[in-house]
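Quick notes on the structure that follows.
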Amino acid sequence: MLRKLKLMLGALLVAAFAAGCGGGSSDPDVVELAQNNPDLSILVEAVSAAGLVNTLKAPGPYTVFAPTNAAFASLLTELGVTKAQLLADKELLTTVLTYHVLAGAVAKADVQVGKAITTVQGGIFKIDAVTGALKITDGRNRTATIAATDVFASNGVVHVIDKVILPANKNIVATAQSLPDFSILVEAVVAANLQGTLSGTGPFTVFAPTNAAFAALLTELGVSKAALLADKALLTKVLTYHVVAGRVLKANVPVGTAIATVQGDTFTINSSLAITDQRARSAKIVATDVLTSNGVIHVIDKVILPKP
């Protein structure tokens, strides 16, 4: 039933666009498409308030992920602001709206599923195919569903989404600090004085061990947490072995190929997302693609180790 409702919603939205466009000889641009759809009236107000109307009426082409009125209403509740307050904040509005726009026309068939998609704003998001639907994961790891696709305009294409997406507002270190299961990792990063590096521009890919993974390592090495945190040389060597230069999402992981780390040694990942380290120990990647402003985090269930 839920799938049928989603399909009906998509069909109704496309129909609304088509009805609004009329039968004129010239195709509407992306702004006119939105203006002709009552369910995108807040988006139109926002584009006008941000001073982006002329930009989005330019030749482009552009791909616009257009949030519905209900999506904006939900955002207002989430942010705890009124519509008037949101529309008055031109800087925030411009940042958010340009995060919904891609340079070039990207139809549904051309979406790079699972890969980092760079927006006009500069941030990235990804799109995954989930149980028959296309879902966006934004920079804050919130999700939106694409409710209608391939509404073509004279200067691009519009896809309708059910949630306003937001660019990342936390780097790798801040993201780890916000997640309780990484508290020991955060302590280790601070003890090794790597927080500045991992808060830098990057991008980086971090394979982040959980607290349980660190507890298991302490037992394996026969040391206390205090002793491990006090050994800065060892700590730095181990932590940088968990970092790869560049943003490597799950879809781009080179399976079966040696992956070079910032520390200098390599590890491999198999098709089951199990890591084999330099000591032939195995760790499982238990969660992938936690997006941050300066890279991506993959969660692992064991601390991996470089050569002795």
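Table for the structure above
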quantity: Candidate values (i) 22.8; (ii) 19.3; (iii) 21.3, label of the one derived for Kirkwood radius over Cα pairs in Å; calculated: (iii)
quantity: Spatially proximal aspartates and glutamates relative to Lys115 (Cα-Cα < 18 Å; intrachain offsets below 8 disregarded); calculated: Asp128, Asp138, Asp289
quantity: Neighbour-count ranking [beta-carbon atoms within 10 angstrom, fewest first] of Arg142, Arg279; calculated: Arg279, Arg142
quantity: For the stretch 263-308: rounded, prolate or oblate by the Cα gyration tensor [a/c cutoff 1.5]; calculated: oblate
quantity: All aspartates and glutamates inside 12 Å of Lys302 as judged from Cα atoms, apart from same-chain residues fewer than 8 positions distant; calculated: Glu220, Asp277
quantity: Sequence-distant lysines (8 or more away, or on other chains) whose Cα lies within less than 27 Å of Lys307; calculated: Lys225, Lys232, Lys237, Lys250, Lys284
quantity: Fewest-first ranking of Ser74, Ser178, using other Cβ atoms within 10 Å as the exposure measure; calculated: Ser178, Ser74
quantity: Derived scalar couplings ³J(HN,Hα) [the stretch 115-123; Karplus, 6.51 cos²θ - 1.76 cosθ + 1.60; whole Hz; x for Gly, Pro]; calculated: 10, 5, 10, 8, 9, 4, 5, x, x
quantity: Size of electric dipole in the chain: Cβ of Lys, Arg +1 and of Asp, Glu -1, about Cα centre, debye, nearest 20; calculated: 700
quantity: Shape of the stretch 2-161, Cα gyration tensor, a/c cut at 1.5; calculated: rounded
quantity: Helical contribution to [θ] at 222 nm, DSSP H n ≥ 4, -39,500 (n - 2.57), averaged over the chain, rounded to 500; calculated: -10000 deg cm²/dmol
quantity: DSSP H segments from the chain that extend 27 Å or more along their own axis, Cα-based, with Kyte-Doolittle mean of -1.0 or above; calculated: 2-21
quantity: Charged-residue dipole, Cβ positions (Lys, Arg, Asp, Glu), the stretch 2-161 about Cα centre, Debye nearest 20; calculated: 500
quantity: Efficiency of FRET from Cβ geometry, Asp27 and Asp181, R₀ 51 Å, rounded to 0.05; calculated: 0.50
quantity: Amide hydrogen neighbours beyond the local backbone of Ala147, cut-off 5 Å, H modeled; calculated: Val160, Ile161, Asp162
quantity: Length added when fully stretched, Lys90-Arg142, from 0.36 nm per residue minus Cα-Cα; calculated: 16.5 nm
quantity: Proxy reagent accessibility, fewest Cβ within 10 Å first, across Asp289, Asp277; calculated: Asp289, Asp277
quantity: Dipole magnitude (debye, nearest 20) for the stretch 172-300, charges at Cβ of Lys, Arg, Asp, Glu; calculated: 120
quantity: Using a Förster distance of 51 Å, the FRET efficiency for Lys108-Ala280 (Cβ separation, nearest 0.05); calculated: 0.70
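Values quoted throughout were computed directly from the atomic coordinates according to the rules given, and no laboratory measurement underlies them. Owing to the predicted nature of the structure, the values given are computational and were not obtained by experimental measurement. No Cβ is skipped: glycine too gets one built from the backbone with ideal geometry, and neighbour counts run over all protein chains shown.
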